[in-house]
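A short write-up of the structure that comes next.
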Amino acid sequence: MSGTMGTGTGKVAAATVADGGRRSFWGAVTASPAYDTMVDVLIASPRRQFVMLLMLPLVWVLLLHLGPMLQMLYVSVLDAYPATAGREPHLTLDNYGRFFREAIFVMPFMRTLVFSAVLTLVTLVLTYPVAYFLARHVKRDNQLVFLLLLLIPFWVGEIVRTFAIMILLGNNGAINLVLKTLGLIDRPVPFMYTGFSVSVGIIYLTALYMLLPLYSALEKLPASYTEAAADLGAGAWTRFRRVTLPLTLEGITSGCTLVFLISTGVYAVPVLLGGPSSTVFAETIAGFFHAAGDEWPTGAAFACLMFVAALAITAVFNRVMGHLQKWGRK
């Protein structure tokens, strides 16, 4: 008891001295008996400390991640949203049935999934050599500098980077000017508003999400593994195929998962860079939300369908890659 009183007196004195004789707000709070009681109750045991640490991330996930998705799921089974005066919304699955009844929605849906899978593979092929060079051939002291240089384009927003692609691929853009200067073309090549321009834009925007997991996996791979393989007579391609690639499957899995999921939901790039032949499902969904309120449930249902399909494909992909990783460790 005397010890507690001594501690409280010491806190009061410290708070007073720290503020030149005047007690600060935080000093007054920490010196109060109620504060000591609250701290004793909240962190009295390891279990309570664990619950307190878990509380903030749990609230974050529930409110900012699961909350909007659950709200979207609820709206998808309503026959009208937002609710209008004098009309009570009812639960229905007709919004999901509309997707399967009208074939016009299937094409952009399948195009988005195939498009995302192909772009994920292309992004992997393009960024793996960059990550390999950065992790295996650049001195460790310089790797941070190179990473910062690669990150510079991502310091600006998605819209700005998309307009940069428009300037690059336009009729008077850098690529057409170079081709004209070299005498390879007489008229500008129409890169814009095609599947090519959308592909370039998405790859440019998602390359970082592939590069960082690959770099992390390659950077952790000990050089002694490939050196031992070389001592045993393995060539460069054999060392990559039998040592480097199997031991970086975890980074490949993470990067491909991120790029694929982002690609299925990207919206600004197809709108700004795409044309009628490259419409993706995100544009279809946005069309419902831009229409009258009665169409919002249909848009929510279509968004849920794409979300479930993307997660299912990702789950199958991760399971396959997990088996490959186990097989590679044998």
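The values are calculated or read from the model by the stated rules, or taken from the named source; none is laboratory data. Everything quoted here is computed from the prediction, not taken from an experiment. Cβ sites come from the backbone with ideal geometry, for glycine too, and all protein chains shown count toward neighbours. Each accessible area value is taken on the protein alone, full model and side chains, heavy atoms only, with ligands, DNA and RNA left out. Shrake-Rupley method; radii C 1.70, N 1.55, O 1.52, S 1.80 Å.
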(1) farther than 26 Å from residue 255 by Cβ; (2) of a type in the set (D, E, K, R); (3) part of a helix (DSSP H, G or I) all hold for residue 186 apart from (3)
Considering region 69-90, residues that are open to solvent by 90 Å² or more (accessible area, probe 1.4 Å) and modelled with pLDDT of 90 or more, and then whichever is farthest from residue 301 (Cα to Cα), we arrive at 70
By residue number, the members of region 224-241 that are under 30 Å from the mean Cα position of the chain (by Cα) and either farther than 15 Å from residue 128 by Cβ or not in a helix (DSSP H, G or I) (or both) are none
ask   = Within region 201-218, is there a residue that is in a helix (DSSP H, G or I), of a type in the set (Val, Ile, Thr) and either without any contact (Cβ under 8 Å) to a residue 12 or more places away in the chain or over 20 Å from residue 124 (Cβ atoms) (or both)?
value = no
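Each row is one residue, and each column tells you yes or no for (1) of a type in the set (Lys, Arg); (2) open to solvent by 50 Å² or more (accessible area, probe 1.4 Å); (3) modelled with pLDDT of 80 or more.
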{"position": "5", "(1), (2), (3)": "no, yes, no"}
{"position": "12", "(1), (2), (3)": "no, no, no"}
{"position": "15", "(1), (2), (3)": "no, no, no"}
{"position": "22", "(1), (2), (3)": "yes, yes, no"}
{"position": "25", "(1), (2), (3)": "no, yes, yes"}
{"position": "29", "(1), (2), (3)": "no, no, yes"}
Taking region 122-159 and keeping residues aliphatic (A, V, I, L, M), free of Cβ contacts under 8 Å to residues at least 24 places away in the same chain and assigned to a helix (DSSP H, G or I) leaves 125, 144, 145, 148, 149, 152
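Out of all the residues in region 270-291, is one or more without any contact (Cβ under 8 Å) to a residue 12 or more places away in the chain and either among the charged types (D, E, K, R) or in contact with a strand residue (DSSP E or B) (Cβ under 6 Å, 6 or more places away or on another chain) (or both)? Reasoning before the result, please.
Taking region 270-291 as the starting set, the residues that turn out to be without any contact (Cβ under 8 Å) to a residue 12 or more places away in the chain are 276, 289-291.
Checking which are either among the charged types (D, E, K, R) or in contact with a strand residue (DSSP E or B) (Cβ under 6 Å, 6 or more places away or on another chain) (or both) leaves us with none.
Looking for residues that are without any contact (Cβ under 8 Å) to a residue 12 or more places away in the chain and either among the charged types (D, E, K, R) or in contact with a strand residue (DSSP E or B) (Cβ under 6 Å, 6 or more places away or on another chain) (or both), one finds none in region 270-291, hence no.
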Of the conditions (1) within 23 Å of residue 75 (Cβ to Cβ); (2) open to solvent by less than 50 Å² (accessible area, probe 1.4 Å); (3) under 14 Å from the mean Cα position of the chain (by Cα), the single one that residue 282 does not satisfy is (3)
